[in-house]
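Data block below; observations after.
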Amino acid sequence: MTRSVRMNIIPPSTKRPSPLLLPLLLAITCLALPFGALADGESNGPPVKPAPRTAIEIGGVSVVLVSANDKLHVFIDRLSDNAPADDAGLSIMLADGTDLQLSRAAGGFFVGPFNRAGRMRDAFMVAVKSASGTGEMGAEIAYDDLPDDAVAAPAHDIKGKIGIALVAAALGAAGATMVLRWARNRRQGTAGHPAPAA
């Protein structure tokens, strides 16, 4: 007696991806945008500008003036080998005739209190006396280290508004798709099961 064997062949799946998939992915992507921008703003922040400075040459030495943290830092190096001019003496006068009180912190390096008091630039008369070069020369520092708040703030505001608009649009699309799917399933269920006769 031959026993027949029934084989159930499963047809390949023809099921379409859920229509909710695309709006859901869009919503997740849009939600990630503002948080990513916020994280970047917290970790990186605006670029840090170098402290305002200027450099001049007097004889055989270079003199670099740096204004930072309410102090004036002055570096005097020989041009011949770029090494500190250990024997250099220094005096600096502001344009209004005020002598700055600078102390020798190391060979060729001087530092002293200096409050720019909101000025946009300062002019100095620098006098150096050393074996490598002696003389005096004018120098000027322009202060360009103020934060660009006026430029950075609108950019962050625009990013935030775009992110919010995209998230709202994505959530709205997802909600509309869910309502349409629910209505379609309800119609199909009603058509497949007619109401009993009274």
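Bear in mind that the values in this text are calculations on the coordinates, not laboratory data. The shown structure was predicted, so the numbers you read here are calculated from the model rather than taken from an experiment. Positions of Cβ are backbone-derived with ideal geometry, glycine not excepted, and every protein chain shown enters the neighbour counts.
Do you know which residues across the stretch 57-73 are more than 15 Å from Ser130 (Cα to Cα) and not in a loop (DSSP other than H, G, I, E, B)?
Kept after step one, since they are more than 15 Å from Ser130 (Cα to Cα), are these residues of the stretch 57-73: 64-73.
Matches in the stretch 57-73: Val64, Leu65, Val66, Ser67, Ala68, Lys71, Leu72, His73.
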Task: Residues located in the stretch 44-84, provided they are more than 31 Å from the chain's Cα centre (by Cα) and loosely packed, with under 14 Cβ neighbours inside 10 Å - done: Glu57, Ser80, Asp81, Asn82, Ala83
